[in-house]
1. Just to be sure, is THR117 free of Cβ contacts under 8 Å to residues at least 12 places away in the same chain and of a type in the set (S, T, N, Q)?
2. May I ask you to verify whether LEU111 is crowded, with 16+ Cβ neighbours inside 10 Å and touching a residue at least 60 places away in the same chain (Cβ under 8 Å)?
3. Could you please give the count of residues in the stretch 61-94 that are touching a strand residue (DSSP E or B) at 6+ places or on another chain (Cβ under 7 Å), over 21 Å from TRP35 (Cβ atoms) and part of a helix (DSSP H, G or I)?
4. Looking only at the stretch 52-76, filter to residues that are β-branched (Val, Ile, Thr) and out of contact with any Ser or Thr (no Cβ under 7 Å at 6 or more places or on another chain); which one of those is nearest to HIS100 (Cα to Cα)?
5. Of everything in the stretch 19-58, what is without any contact (Cβ under 8 Å) to a residue 40 or more places away in the chain, surrounded by 11 or more Cβ atoms within 10 Å (Cβ to Cβ), part of a helix (DSSP H, G or I) and not polar (S, T, N, Q)? Give them in sequence order.
Amino acid sequence: MAMTITAPMPTHWHAIRALIHEWGYEADEAQVQAWVEALNASSLHAIWVAISDGEVCGWLVAEQRIALGAGQICEITGLVVGARFRRLGVGQHLIKTAEHWAQQRQLSQVLVRSNITRVESHVFYPSMGFSLKKTSHVYEKALTLPA
């Protein structure tokens, strides 16, 4: 399958939103626009979309961060490939793009977290050279923002 990996354009926001929904999260187009613009403006983040035949078939977000004990690393904070594009190399191309970005920044490793319920990813990431390091609990607390 021929594909291009590129930075997202405003014409991609609707498809990015659809993939966010497929991932199991809610977002409206205004939120997606704000998030993508913030990622594009950040020197510590990158976002790419995979395009095949003019259609967005996946996206990946990477973040440069400092981890005590590991130093400067790259964390993949989101990777979604549309259901009908899986097992066609889309995820592999997006991961390789993120790895290249990390290498250019002299980052020592790439880290990715995957929900235990995402069984397909537990085969995919090891096939890309990732090794399972630990299983974690994730705690979340919503904050009330000042008016």
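Quick note: the coordinates plus some simple rules give every number you see, no bench work behind them. Because the structure is predicted, anything quoted here is derived from the model rather than measured. Every residue, glycine as well, gets a Cβ built from its backbone with ideal geometry; the counts of neighbours run over all protein chains shown.
1. yes
2. Here the answer is no, as LEU111 does not meet what is asked.
3. The total comes to 2.
4. Among them, the one singled out is ILE76.
5. Hits for the stretch 19-58 are HIS21, GLU29, VAL32, ALA34, TRP35, VAL36, GLU37, ALA38, LEU39.
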